[in-house]
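S.K.: Pasting a structure below so you can have a look.
The values are calculated or read from the model by the stated rules, or taken from the named source; none is laboratory data. On a predicted model such as this, the values are computed, not experimentally measured, just so you know. Cβ atoms come from the backbone with ideal geometry, glycine included; neighbour counts cover every protein chain shown.
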Amino acid sequence: MKVVTGQVMQSMDKRAIGEFGVPGVALMERAGCACADAISKRFGDGAGRKAVIVAGKGNNGGDGFVISRILSQRGWEAPVLLLAAPQAVTGDAAVNLERLDSGVVTSLPQGLAGQEELIKSATVVVDALLGTGINSEVGGVYGEAIDVVNACGVPVVAVDIPSGIDAGSGRVLGRAVRAELTVSFALAKLGNVLYPGTELGGRLVVADIGMPQAVVDEAPGCEFMDRESARAIIRPRSVIAHKGSNGHCLVIAGSAGKTGAAAMAAQSALRAGAGLVSLAVPAALNPVLESKTTEAMTIPIGPEDKWHFLAGALGELLSVAKGKDAVALGPGLGTAPSTVYLVHSLLTALDAPLVIDADGLNAVAVAPELLLRRRGRLTLLTPHPGEMARLMGVSVPEVEADRIGCARDFATRFQVYLVLKGARSIVAGPDGAIAINGSGNPGMATGGMGDVLTGVIAALLGQGYHPFAAARLGVFLHGYAADLMAEETGTRGMVATDVQEALPRALQRLTVAEGGAAGTSIN
Ligand SMILES: NC(=O)C1=CN([C@@H]2O[C@H](COP(=O)(O)OP(=O)(O)OC[C@H]3O[C@@H](n4cnc5c(N)ncnc54)[C@H](O)[C@@H]3O)[C@@H](O)[C@H]2O)[C@@H](O)CC1
Ligand SMILES: [K+]
């Protein structure tokens with residue numbers, strides 16, 4: 001599913017109207033109608049139902065006027081509380097304001113004070129205060145109105161996006177409405193799918209409002225990874241496949257106390273469909289990993305009494321890496337200076353597609369310019385916000401304030417593919433392309449989940465997926481496996497090996513056709 005910024009959506013509206021001759025009032029009619037339909041579907045129709053529409057003076061309010069008219073025709077009582085003088089309403093919104101029966105609209109330029117009882121008596125409150133036109137922090141009467149709506153205890157349906165959310169980032173501009181359902185138009189906005197906006201919007205429905213297909217197709221946006229997008233990437237496995245044709249991955253991982261990271265990365269690569277997995281570990285750890293893993297082949301590297309990799313392991317590792325289809329570097333490596341040195345040498349010497357995580361990233365952060373010396377070889381990094389901050393030399397809050405910007409900036413500057421992990425992981429390509437992952441849940445906020453993702457992505461790279469496809473499918477599959485686990489056992493107490501073991505089921509669900517896939521509800 002494509003998602004766009006609020007600004008892109010506004011220019012799409014202009015293009016549809018100016019270039020394709022679609023009247024703005026027709027777009028508004030379909031937008032209002034889609035909201036009314038969603039409300040009817042959720043609450044039914046007929047007498048005894050009351051929708052209180054809280055409207056601003058822009059086109060978001062205009063949609064609210066249409067909703068009032070349509071619900072009234074369906075037997076609802078649908079009063080409009082307009083936070084402006086009627087003469088402040090212009091354009092398509094004014095056309096729809098005039099179409100309302102007298103007595104339906106109460107003009108309240110001073111705010112909602114005194115309307116609390118009416119609002120509390122509603123079946124549903126419709127939030128039509130602010131949409132993509134929001135241009136500053138919300139305060140004054142709009143801010144107070146948002147507080148009243150949030151305090152009323154009645155289900156709220158947001159028109160396009162909860163009022164107060166920045167459509168380009170999902171940020172709360174001062175304060176924002178909390179809705180149980182959001183009906184967004186033509187395409188979802190970034191603010192509908194990124195936190196905290198996505199959480200405040202509740203369930204999201206994206207409605208077709210008759211935007212010309214060319215306008216939709218040509219709009220610059222990014223991909224939101226949902227089941228459909230994952231299915232479009234995933235390739236069927238050949239019935240005559242053999243272990244050699246499903247990719248041989250090498251995992252370079254482990255140090256004292258971190259054998260689990262190595263085991264999970266290797267095992268997850270197998271669970272994500274790798275044909276063969278070799279696991280190179282510091283020699284002293286080999287007995288532990290021999291018993292921890294069954295299908296993966298362990299390769300002891302370096303002196304028998306060493307619990308971490310030494311710089312001198314380069315030659316051994318390069319010969320082990322020969323002929324491998326993908327290499328995963330980093331899980332549980334530790335940060336011993338000689339290991340960091342080894343990672344730097346491997347960066348410039350390894351030819352196979354390379355996924356770097358965890359301590360591998362900490363080593364890269366010391367000298368990120370080494371990435372540029374990989375000269376056209378494929379590199380994929382999977383930092384969490386802390387690692388991203390170290391890679392960029394900025395603070396974690398700076399990363400969190402602009403996750404897409406940071407991911408894109410690093411990926412284009414260092415010509416790598418990058419997954420910035422976290423709720424709604426961001427995938428960035430060296431050309432600046434962006435995807436946002438839609439799967440996953442808070443149960444994943446535990447140690448080892450990153451090692452599982454590294455294994456999954458390495459397996460996909462090894463099977464020949466393009467790195468941007470491997471990263472997008474990998475993050476979705478990883479989160480989707482966790483979602484399947486959560487369906488069964490909830491999110492508390494979920495551990496990384498649970499997700500690892502659910503990977504085959506997630507793959508199976510994504511490759512078996514789903515009946516009745518019509519509809520655009522995404523969560
Ligand atoms: N033809 C179109 O452009 C269509 C637009 N649609 C609706 O129109 C919305 C966008 O409409 P607009 O561009 O009129 O913008 P909005 O209705 O989102 O709000 C803009 C109005 O709010 C004011 N405003 C901005 N930030 C504010 C703040 N922080 N506090 C108080 N007031 C603030 C602006 O001065 C402006 O008057 C979409 O979200 C969607 O709901 C739909 O009807 C589909 C068609
Ligand atoms: K709204």
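S.K.: Any chance the range 74-87 includes a residue that's more than 16 Å from ligand 2 (Cβ to nearest atom) and touching a Pro at 6+ places or on another chain (Cβ under 8 Å)?
M.R.: Scanning the range 74-87, I find at least one residue that is more than 16 Å from ligand 2 (Cβ to nearest atom) and touching a Pro at 6+ places or on another chain (Cβ under 8 Å), so the answer is yes.
S.K.: Tell me which residues, restricted to the range 237-256, are surrounded by fewer than 22 Cβ atoms within 10 Å (Cβ to Cβ), touching a residue at least 40 places away in the same chain (Cβ under 8 Å) and over 18 Å from residue 458 (Cα atoms).
M.R.: Residues of the range 237-256 that are surrounded by fewer than 22 Cβ atoms within 10 Å (Cβ to Cβ), as a first pass: 237-246, 248, 256.
Those left that are additionally touching a residue at least 40 places away in the same chain (Cβ under 8 Å): 246, 248, 256.
Correct list: 256 only.
S.K.: Assess whether residue 146 counts as being free of Cβ contacts under 8 Å to residues at least 60 places away in the same chain, crowded, with 20+ Cβ neighbours inside 10 Å, within 14 Å of ligand 1 (Cβ to nearest atom) and not polar (S, T, N, Q).
M.R.: yes
S.K.: Determine which member of the set 78, 47, 85 is among the hydrophobic types (A, V, I, L, M, F, W, C) and in contact with a helix residue (DSSP H, G or I) (Cβ under 9 Å, 6 or more places away or on another chain). I'd like the intermediate steps shown before the answer.
M.R.: Numbers: 47 fails: in contact with a helix residue (DSSP H, G or I) (Cβ under 9 Å, 6 or more places away or on another chain); 85 fails: in contact with a helix residue (DSSP H, G or I) (Cβ under 9 Å, 6 or more places away or on another chain).
Sole residue among the options that is among the hydrophobic types (A, V, I, L, M, F, W, C) and in contact with a helix residue (DSSP H, G or I) (Cβ under 9 Å, 6 or more places away or on another chain): 78.
S.K.: Does residue 122 satisfy the criteria of being at pLDDT below 95, more than 21 Å from residue 1 (Cα to Cα), more than 14 Å from ligand 1 (Cβ to nearest atom) and not polar (S, T, N, Q)?
M.R.: no
S.K.: Among the listed residues 482, 458, which satisfies the condition of being touching a strand residue (DSSP E or B) at 6+ places or on another chain (Cβ under 7 Å) and among the hydrophobic types (A, V, I, L, M, F, W, C)? Quick ask: steps written out before the conclusion?
M.R.: Values: 482 fails: touching a strand residue (DSSP E or B) at 6+ places or on another chain (Cβ under 7 Å).
Selected residue: 458, the only one of 482, 458 that is touching a strand residue (DSSP E or B) at 6+ places or on another chain (Cβ under 7 Å) and among the hydrophobic types (A, V, I, L, M, F, W, C).
S.K.: Pairs needed: first member in the range 100-121, touching a residue at least 12 places away in the same chain (Cβ under 8 Å); second member anywhere, exposed (fewer than 12 other Cβ atoms within 10 Å of the Cβ) and of a type outside the set (S, T, N, Q); C-beta distance under 7 Å; at least 6 residues apart or different chains.
M.R.: Listed pairs, sorted by first residue: 107/85; 109/85; 120/153.
S.K.: From the set of residues in the range 150-171 that are under 22 Å from the mean Cα position of the chain (by Cα) and away from ligand 2 (no atom under 13 Å from the Cβ), which is surrounded by the most Cβ atoms within 10 Å (Cβ to Cβ)?
M.R.: The qualifying residue surrounded by the most Cβ atoms within 10 Å (Cβ to Cβ) is 170.
Table: residues versus (1) modelled with pLDDT of 95 or more; (2) over 26 Å from residue 191 (Cβ atoms); (3) not aromatic (Phe, Trp, Tyr).
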site: 73; (1), (2), (3): yes, yes, yes
site: 76; (1), (2), (3): yes, yes, no
site: 81; (1), (2), (3): yes, no, yes
site: 85; (1), (2), (3): yes, yes, yes
site: 88; (1), (2), (3): yes, no, yes
site: 100; (1), (2), (3): yes, yes, yes
site: 106; (1), (2), (3): yes, yes, yes
site: 117; (1), (2), (3): yes, yes, yes
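S.K.: From the set of residues in the range 114-149 that are within 13 Å of ligand 2 (Cβ to nearest atom) and assigned to a helix (DSSP H, G or I), which is farthest from residue 59 (Cα to Cα)?
M.R.: The initial filter retains those residues of the range 114-149 that are within 13 Å of ligand 2 (Cβ to nearest atom), namely 125-134, 138, 142, 145-146, 149.
Filter once more, so that each one left must be assigned to a helix (DSSP H, G or I): 142, 145-146, 149.
Values: 142: 15, 145: 18, 146: 18, 149: 19 Å.
Result: 149.
S.K.: So, one more: List the residue pairs whose Cβ atoms are under 6 Å apart, where the first residue sits in the range 171-191 and is touching a residue at least 40 places away in the same chain (Cβ under 8 Å), the second is β-branched (Val, Ile, Thr) and near ligand 1 (Cβ under 8 Å from one of its atoms), and the two are 6 or more positions apart or on different chains.
M.R.: 185/209; 186/209; 189/161; 191/161
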